Amino acid sequence: MLLVSMLLILFVFSLIGMEIGWAIGLAAFGYLVLSQFEPFGTPMVLFPQMMIAGLDSFILVAIPLFIFAGELMNTSGVTHRIVFFASALVGHIRGGLANVGVVANFIMSGISGSALADAAATGTVLVPAMKERGFPTAFSSAVIASAATVGPIIPPSISFVLLGAIMEISVGRLFMGGVVPGFIMFVTMFALTYWISRRNNYPVEKKATLHDQRVSFIGAFLPLLAPAFVVGSIVGGIATPTEAAAIAVFFTLILGVVVYRNMGWRDVVEAAGIAAVSSSVIMLTVATSQIFAFLAVREKLGEILTSAMLAISDNVYVLLFIANLLMLFLGMFMEILPVMLILAPILFPLFGGMGVSDVHLGVVMVLNLMIGMITPPIGLNLFVLSAIAKVGVIEIFRYAVPYFVALLAVLALITYVPQLTLFLADLVIPVR
Amino acid sequence: MTGSPKPDGVLARADILLDRVLYYLSSLLLMAIATAVMYTVIARYVFNAAPLWAEEAPRVFFLWMTYLGIAVATRRGQNIRVTFFVEKMRPKPRFILDMFMHVCVLIMLVSLLWYVWPLIDLNLKGTMLSTGWSNAVSWFPLPIGAALMLLYQIRLMIVSYHQYRSGNYTGETGGLNEAGGD
């Protein structure tokens, strides 16, 4: 009864527009209040206790630092440099700027680690330019929204840091696990964009001269090194993920203040303020989701879900299929962080017991939730692009359907061929 | 910012000043975290001696930054929310629904403030291992953040009420709507 009330409060309040973090908190709070009417009620003090204990973790400190590094990258004009480089690289191939959008997002994914940040940064630059070239605006938005889903799969990734912190999985292994799936996503979306553009005869850009290619490469060279610094320092055992995030901050700081000289200290303070506030919003969701997940596990939601799934089949492949369906469904209606934070403590023990690697399941989970970012009604990437392009969400989704189907195919591949995820993780950071 | 008080009154000026102080404090704390963590890396590889406070201090700063930042986000309407369905509602039911949600959050915040004190009391007695700071330093961000959020929720309700009375209630409190997250 308590569990049903908690789930009901969560769904109703998040759908009627309460801030997601508070909707989850209210569901947990409702549980605690209602439990006081039972013989052994859960102590109310659990609520404030977990609001602090749930965030008191060194690895979570990496998240505002990665967001700060992303903000500094934007302020120092790195997005334009990357778009210019991608344009020189693939602008002449059929699809022109649409291909540029896919490539630019792939490169950005190695720097920022957030799908929303990538969608906003590349969308702002490319959507108006694509409109000028004659692309349908909804198609331009769909390409950018879909291409940005690769952000949290390719390292560094805020989602992987969170998952690593909550489930105590090696963040380095999760980062490595995302590389091949991220590359497959990129190749699939690039090929799809090319095919759609050929069918619709979308425009191409003039082939860049060797000089232009060289100039654009030199312009983007230092930002292109950022992922190597970040991932290399973690994989090489030089730094923890949090320290690697701080290295990323100072690397971008040096780029903006010393190398490009287009950023003053006022910009740095402003970027830190924006990053602090936006990561705080994420942390509210993280804190309340942990209380919710704790209560859900206590109320045996995991066992209920497990028995329901096992009643259908005890075959691990069928169960993975059901888990994918569940995550895709929830990803359509909820913001991805709470889905991940609430489902992880339930799904990881179930699949761990069946021999599924935590890194494999982690990548499958994040990929699922990324697909949720381009599906209505609550696809955040669609909303961001809708705001930039001033086109309706459903109109954008209509053009994003082929990408949605392609990403589902990638999801199936990643789910049923675990070696694609584990090969690099085991090679670079073997399990001790 | 939609519905903000006119900046000529004392209260309105105090409102803006508090917002700026909290915003720049959050910014300062994040820069302090970045510097402390970077210093740790340098100290470990260059001076061959990582400072003892390397993990503890950034964690405390992070908690302070988070709860001050959430207060700023509440003031600026930057929290993550889904407005897809409520946008289709007429102003009156939407206003009632929004007010109901504000009251729910208010009750939750008051409860947080009430139940956090025993925890602070308990932690006042202990100190952290490496910094020697009181354990309560990690707990104070919650009541301070909750009190600020309480203040801003009330402010939000007043602004919404004035918007509704003047016939231009949109449910927008300024800032982002469906943004945030990952």
**Prompt:** Any idea of the total accessible area buried by the A-B contact, 1.4 Å probe, rounded to 100 Å²?
**Reply:** 5700
**Item:** GNM top mover of A:Val90, A:Val258, A:Val230 - chain A, alpha-carbon springs below 10 Å
**Value:** A:Val258
**Prompt:** Can you list the residues, at least 5 places off or on another chain, whose amide H is less than 5 Å from the amide H of B:Thr127, using H built in the peptide plane?
**Reply:** B:Asn135
**Message:** I need the phi-derived Karplus couplings for segment B:52-65: 6.51 cos²θ - 1.76 cosθ + 1.60, θ = phi - 60°, integer Hz, Gly and Pro marked x.
**Reply:** 5, 7, 3, 9, 5, 4, x, 5, 5, 4, 4, 5, 4, 4
**Asked** If you take the square roots of the eigenvalues of the alpha-carbon gyration tensor of the protein assembly as shown and sort them as a ≥ b ≥ c, do you get rounded (a/c under 1.5), prolate (a/b over b/c) or oblate?
**Response** rounded
**Item:** Length-normalised contact order of segment B:1-112 in % [C-alpha pairs under 8 Å, at least 6 apart]
**Value:** 25
**Prompt:** Projected area of segment A:158-256, taken from the Cα convex hull and averaged over every viewing direction, in nm²?
**Reply:** 9.0
**Message:** Counting only protein heavy atoms, probe 1.4 Å: which residues of segment A:49-65 lose 20 Å² or more of accessible surface in the full assembly compared with their chain by itself?
**Reply:** A:Gln49, A:Met51, A:Ile52, A:Leu55, A:Asp56, A:Phe58, A:Val61, A:Pro64, A:Leu65
**Message:** Could you work out the relative contact order of segment A:122-267? I mean the mean sequence separation of Cα pairs under 8 Å and 6+ apart, divided by the number of residues, in percent.
**Reply:** 19
**Request:** Take chain A, connect every pair of alpha-carbon atoms lying under 10 Å apart with a spring to form a Gaussian network, then pick out the residue of A:Leu385, A:Leu55, A:Leu65 with the largest mean-square fluctuation.
**Result:** A:Leu55
**More than 23 Å apart - percent of Cα-Cα pairs taken over segment B:1-111** = 53
**Request:** Sort largest first and round to whole Å: the equivalent ellipsoid semi-axes of segment A:96-224, each the square root of five times a Cα gyration tensor eigenvalue.
**Result:** 28, 17, 13
**Prompt:** Which whole-Hz couplings ³J(HN,Hα) result when phi for each residue of segment A:81-97 is put into the Karplus expression 6.51 cos²θ - 1.76 cosθ + 1.60, θ = phi - 60°, listed in order with x for Gly and Pro?
**Reply:** 5, 5, 5, 4, 5, 4, 5, 5, 7, 10, x, 7, 7, 3, x, x, 5
**Asked** Loop-only check: which chymotrypsin sites (Phe, Trp or Tyr not before Pro) in segment B:82-158 are DSSP coil with at most 12 other Cβ within 10 angstrom?
**Response** B:Phe85
**Item:** Under 25 Å from A:Lys206, Cα to Cα: lysines that are on another chain or at least 8 residues apart
**Value:** A:Lys131
**Message:** Just to be sure I understand the model, the point goes 7 Å from the Cα along the line to the Cβ. What's the resulting B:Ala14 to A:Asp56 distance in nm?
**Reply:** 3.3
**Item:** Peptide-level mean, for A:20-32, of C-beta atoms on other protein chains within 10 Å
**Value:** 4
**Complete:** Mean Cβ-within-10 Å packing, highest first, puts peptides B:27-33, A:176-182, B:106-112, A:113-119 in the order A:113-119, A:176-182, B:27-33, B:106-112
**Inter-label distance for A:Ala191 and A:Ser5, nm, one decimal - labels placed 7 Å from Cα along Cα-to-Cβ** = 5.3
**Fill in**
Within 10 Å of the Cβ of an average residue in B:37-43, the count of other chain Cβ atoms is 6
**Item:** Whole-percent carbon and sulfur share, accessible surface of chain A, 1.4 Å
**Value:** 68
**Prompt:** How many nm separate the modelled label positions at B:Ala50 and B:Tyr161, each set 7 Å beyond the Cα in the direction of the Cβ?
**Reply:** 5.3
**Complete:** For segment B:17-25, in residue order, the Karplus 3J(HN,Hα) values (coefficients 6.51, -1.76, 1.60; θ = phi - 60°; whole Hz; Gly and Pro = x) are 4, 4, 4, 5, 4, 5, 4, 6, 5
**Asked** By how many degrees, between 0 and 90 and to the nearest 10, does the Cα long axis of helix A:316-333 differ from the longest principal axis of chain A?
**Response** 80
**Degrees between helix A:158-167 axis and first principal axis of chain A (Cα, 0 to 90, nearest 10)** = 20
**Fill in**
By the Cα gyration tensor axes a ≥ b ≥ c (a/c under 1.5 gives rounded; else a/b larger than b/c gives prolate, otherwise oblate), the shape of segment B:60-182 is prolate
**Prompt:** Relative to the first principal axis of the alpha-carbon coordinates of chain A, what is the inclination of helix A:62-75, with its axis defined by its Cα atoms, in degrees from 0 to 90 and to the nearest 10?
**Reply:** 20
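The values are calculated or read from the model by the stated rules, or taken from the named source; none is laboratory data. Small disclaimer: the values here were computed from a predicted structure and weren't measured. For neighbour counting, all protein chains shown are included, and Cβ atoms are generated from backbone atoms with ideal geometry for every residue, glycine included. The accessibility values were calculated without ligands, DNA or RNA, using every heavy atom of the protein model including side chains. Shrake-Rupley method; radii C 1.70, N 1.55, O 1.52, S 1.80 Å.
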